[in-house]
Amino acid sequence: MSAWVALLVDPASTDIPRYVEAGSPVWVVDTPVNRVAVERSGWQGNVTLYQSKAPSDCMVNLASAVPLIEMHHGEYGGNPPYEELHVSGVARSSSAEALLKPYDLVVVRDTPVGFIAVKAEGL
């Protein structure tokens with residue numbers, strides 16, 4: 001199975017447990033609701049809470065997180081580097097695809113909660 005990272009952009013995400021239990025790195029936008037969910041659950045070691053300029057805007061959250069994920073889990077930070085990004089909280093759109101393109105990510109599948117993007121070299 002390829003290395004993947006979960007990105008939850010919803011300011012009140014209910015998907016945190018599902019992704020934590022799957023064992024992948026999980027990035028969650030830092031909001032009061034999400035922070036309490038993470039702190040009460042004991043998942044702190046498995047979840048990275050990231051800052052966003054406008055945490056109520058899922059597209060801004062996507063734009064805020066992808067460069068950080070690339071830095072921490074990409075070619076120079078990941079061992080192995082991630083090949084898939086599982087996004088929860090925003091649907092595929094031309095805007096989302098444009099945000100991912102500079103990071104060589106291509107959306108390949110819609111999911112009930114968002115979409116999955118893969119590194120283009122892995123296609």
Inset, instruction - Identify the trypsin sites (Lys or Arg not before Pro) of segment 1-60 meeting these criteria: DSSP loop state and at most 15 other C-beta atoms within 10 Å of the C-beta. - result: Lys53
Legend entry - Principal-axis tilt of helix 32-41 within the chain, Cα atoms, nearest 10 degrees: 80
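Using the Cα centre as the reference, give the magnitude of the dipole from point charges on the C-beta atoms of segment 4-122 (Lys, Arg: +1; Asp, Glu: -1; all else neutral), rounded to the nearest 20 debye.
220
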Legend entry - Stokes-Einstein diffusion coefficient of the chain, Kirkwood radius over Cα pairs, 10 °C, 1.306 mPa s, in µm²/s: 112
Inset, instruction - Can you find, among Val60, Val36, Val90, the residue farthest towards the positive end of the dipole of the chain? Put +1 on the C-beta of Lys and Arg, -1 on that of Asp and Glu. - result: Val36
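Any read-out appearing in this document is the output of simple, stated calculations on the displayed coordinates, not a laboratory observation. In this text the structure is predicted, and so the values were computed from the model without any measurement. Every residue, glycine among them, receives a Cβ derived from its backbone with ideal geometry; neighbour counts consider all protein chains shown.
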